[in-house]
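Notes to accompany the following structure.
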Amino acid sequence: MPVPVILDCDPGHDDAFNILLAAAHPAIDLLALTTVAGNQTLEKTTLNARRVCAVAGIRGVPIAAGRDRPLHGARRTAENIHGDSGLDGPGFGEGEPDVPQDPRDALTLIRDTLLAHPEPVTLVPTGPLTNIAALLLAHPGLAGRIRRIVMMGGSTGRGNTTPAAEFNVLCDPEAADIVLRSGLPVTMFGLNATHQVRATPEVVARIAALGTPLSALCVELLTFFGSAYREVYGFDAPPLHDPLTVAHLIDPSLVELVRAAVTVELHGTYTRGATVVDLHGVTGLPAAVEVGTRVDTDRFWDLVVEAVRVLGGGPGPR
Ligand code: RIB
Ligand code: CA
């Protein structure tokens, strides 16, 4: 049976590929998309979610905007990585995408979706966890309708935005703390895992070879994303973080998991937003979180390339 999923995202180049993967693969039932301020402002991430669905022909998936700032502290964005639009690279044109924005806010859409679905739903946040934390605070009774939370964020090691903190968690550490301490089953894919899935020239060439307008747009996205990661981090190829979440749901054997206690540093002068992952059980805290470690990168890229092929109407076996 397909896994019923709500994506909560901040597109964002890698979020965009996660939307494609969730929409394309038959193992996923994409029920709704919600957006949050993160890589860019809420207005831009919401427009980008609509743009991705429009260019990929994804229809009938409601898209609602969530929080425009973190629970506490100042908002930060990542134009150094994702550009001024949040999805720089392709020219999407000036007009409105022909995919509408749902009139509800994100929390209302998530609540309505959870209440309407006959079985518990998996939440897949790939941006700051503000919407998910706000949902749990506002509607604690909905916890029984949430099957699990599969998130991109944090790291078992260094951060990418400060030496200690990964971007999604740093944007809203209190929200991440609420989610990780919620008691719900949480699977966390941090930088230690996502930095294994880099969109190398060989991967980009596979996508280009599909020869469709969507594959060409994906190449433009990856080219911009790659130039940003080269300039900012000196990476030879950009890590496509977010699709590791949906790839895991499609094929749970794709990423090895370990159970560990994960806490969020909220007060450190230089370490606020760090995820402290107790891999060796020295804290005595319950090892409640599933943490992604080793990735089968070949199978990951096969899934991503196939999603672009299917949605783009490219040739080849289904
Ligand atoms: O640190 C990487 C994460 O932050 C990814 O989800 C990226 O899209 C940004 O949201
Ligand atoms: Ca993201």
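Take the residues in segment 58-73 that are part of a loop (DSSP other than H, G, I, E, B) and β-branched (Val, Ile, Thr); name whichever of them is nearest to Arg309 (Cα to Cα).
This residue is Ile58.
Let me spell it out: the conditions are (1) among the β-branched types (Val, Ile, Thr); (2) within 16 Å of ligand 1 (Cβ to nearest atom); (3) over 30 Å from Asp177 (Cβ atoms), and Thr77 meets all of them except one. Which number is the exception?
Looking at each condition in turn, Thr77 falls short on (3).
Can you tell me how many residues in segment 91-119 are free of Cβ contacts under 8 Å to residues at least 40 places away in the same chain, farther than 27 Å from Ala216 by Cα and assigned to a loop (DSSP other than H, G, I, E, B)?
2
Could you tell me whether any residue of segment 121-131 is free of Cβ contacts under 8 Å to residues at least 24 places away in the same chain, away from ligand 1 (no atom under 16 Å from the Cβ) and surrounded by fewer than 24 Cβ atoms within 10 Å (Cβ to Cβ)?
The answer is no, given that none of the residues of segment 121-131 is free of Cβ contacts under 8 Å to residues at least 24 places away in the same chain, away from ligand 1 (no atom under 16 Å from the Cβ) and surrounded by fewer than 24 Cβ atoms within 10 Å (Cβ to Cβ).
Go through (1) at positive phi; (2) at pLDDT 95 or above; (3) touching a helix residue (DSSP H, G or I) at 6+ places or on another chain (Cβ under 9 Å); (4) away from ligand 1 (no atom under 13 Å from the Cβ) and name the single condition Gly60 misses.
(3)
Starting from residues that are touching a residue at least 40 places away in the same chain (Cβ under 8 Å) and in a helix (DSSP H, G or I), keep the ones in segment 19-44 and report whichever is farthest from ligand 1 (Cβ to nearest atom).
Ala24
When Arg294 is evaluated against the numbered criteria (1) under 22 Å from Leu240 (Cα atoms); (2) surrounded by 21 or more Cβ atoms within 10 Å (Cβ to Cβ); (3) modelled with pLDDT of 95 or more, which criterion, by number, is the only one it fails?
(2)
For segment 137-158, which residues satisfy the criterion of being out of contact with any Gly (no Cβ under 7 Å at 6 or more places or on another chain) and within 16 Å of ligand 2 (Cβ to nearest atom)? Give the steps one after another, and end with the answer.
Restricting attention to segment 137-158, the residues satisfying the condition of being out of contact with any Gly (no Cβ under 7 Å at 6 or more places or on another chain) are 137-152, 157-158.
Once the filter is applied, which keeps residues that are out of contact with any Gly (no Cβ under 7 Å at 6 or more places or on another chain) and within 16 Å of ligand 2 (Cβ to nearest atom), segment 137-158 yields Ile149, Val150, Met151, Met152.
What is the number of the single condition among (1) in contact with an Asp or Glu (Cβ under 9 Å, 6 or more places away or on another chain); (2) under 20 Å from Thr245 (Cα atoms); (3) not basic (Lys, Arg) that Asn80 does not meet?
With respect to (1) in contact with an Asp or Glu (Cβ under 9 Å, 6 or more places away or on another chain); (2) under 20 Å from Thr245 (Cα atoms); (3) not basic (Lys, Arg), Asn80 is out only on (2).
Where in segment 131-194 are the helices (runs of 4 or more DSSP H), entirely inside, with at least 2 residues that are β-branched (Val, Ile, Thr)?
Passing ranges, in order: 173-180.
Determine whether Ala27 is out of contact with any Gly (no Cβ under 6 Å at 6 or more places or on another chain), under 22 Å from Gly313 (Cβ atoms) and of a type outside the set (Val, Ile, Thr).
yes
Can you spot a residue in segment 19-35 that is in contact with a helix residue (DSSP H, G or I) (Cβ under 8 Å, 6 or more places away or on another chain), modelled with pLDDT of 95 or more, within 11 Å of ligand 2 (Cβ to nearest atom) and of a type in the set (Ser, Thr, Tyr)?
Checked segment 19-35: at least one residue is in contact with a helix residue (DSSP H, G or I) (Cβ under 8 Å, 6 or more places away or on another chain), modelled with pLDDT of 95 or more, within 11 Å of ligand 2 (Cβ to nearest atom) and of a type in the set (Ser, Thr, Tyr).
Out of segment 267-318, which residues are within 19 Å of the chain's Cα centre (by Cα) and charged (D, E, K, R)?
Glu290, Arg294, Asp296, Arg299, Asp302, Glu306
Taking helices (runs of 4 or more DSSP H) that do not extend beyond segment 201-318, which have at least 2 residues that are without any contact (Cβ under 8 Å) to a residue 40 or more places away in the chain and of a type outside the set (S, T, N, Q)?
Numbers: elements: 201-208, 213-233, 243-250, 297-312.
Helices (runs of 4 or more DSSP H) meeting the threshold: 201-208, 213-233, 297-312.
Select from segment 174-193 the residues that are in contact (Cβ under 8 Å) with a residue 60 or more places away in the chain and touching an Asp or Glu at 6+ places or on another chain (Cβ under 8 Å) and list them in ascending order.
The answer is Pro185, Val186, Thr187, Met188, Gly190.
Go through (1) within 15 Å of ligand 2 (Cβ to nearest atom); (2) within 27 Å of Asp84 (Cβ to Cβ); (3) under 17 Å from the mean Cα position of the chain (by Cα) for Pro173 and report which single condition fails.
If we test Pro173 against (1) within 15 Å of ligand 2 (Cβ to nearest atom); (2) within 27 Å of Asp84 (Cβ to Cβ); (3) under 17 Å from the mean Cα position of the chain (by Cα), just (1) comes out false.
Looking at Thr283, Thr293, Thr269, Thr275, which one is of a type in the set (Ser, Thr, Tyr) and closer than 23 Å to His13 by Cα? Even if it seems obvious, please write down each step before you answer.
Details: Thr283 fails: closer than 23 Å to His13 by Cα; Thr269 fails: closer than 23 Å to His13 by Cα; Thr275 fails: closer than 23 Å to His13 by Cα.
Just a single option satisfies the conditions, and that option is Thr293.
Look at segment 176-197 and say how many of its residues are away from ligand 2 (no atom under 13 Å from the Cβ), among the polar types (S, T, N, Q) and touching a Leu at 6+ places or on another chain (Cβ under 9 Å).
Qualifying residue count for the region: 3.
The values are calculated or read from the model by the stated rules, or taken from the named source; none is laboratory data. Just so you know, these numbers come straight off a predicted model, no measurement behind them. Every residue, glycine as well, gets a Cβ built from its backbone with ideal geometry; the counts of neighbours run over all protein chains shown.
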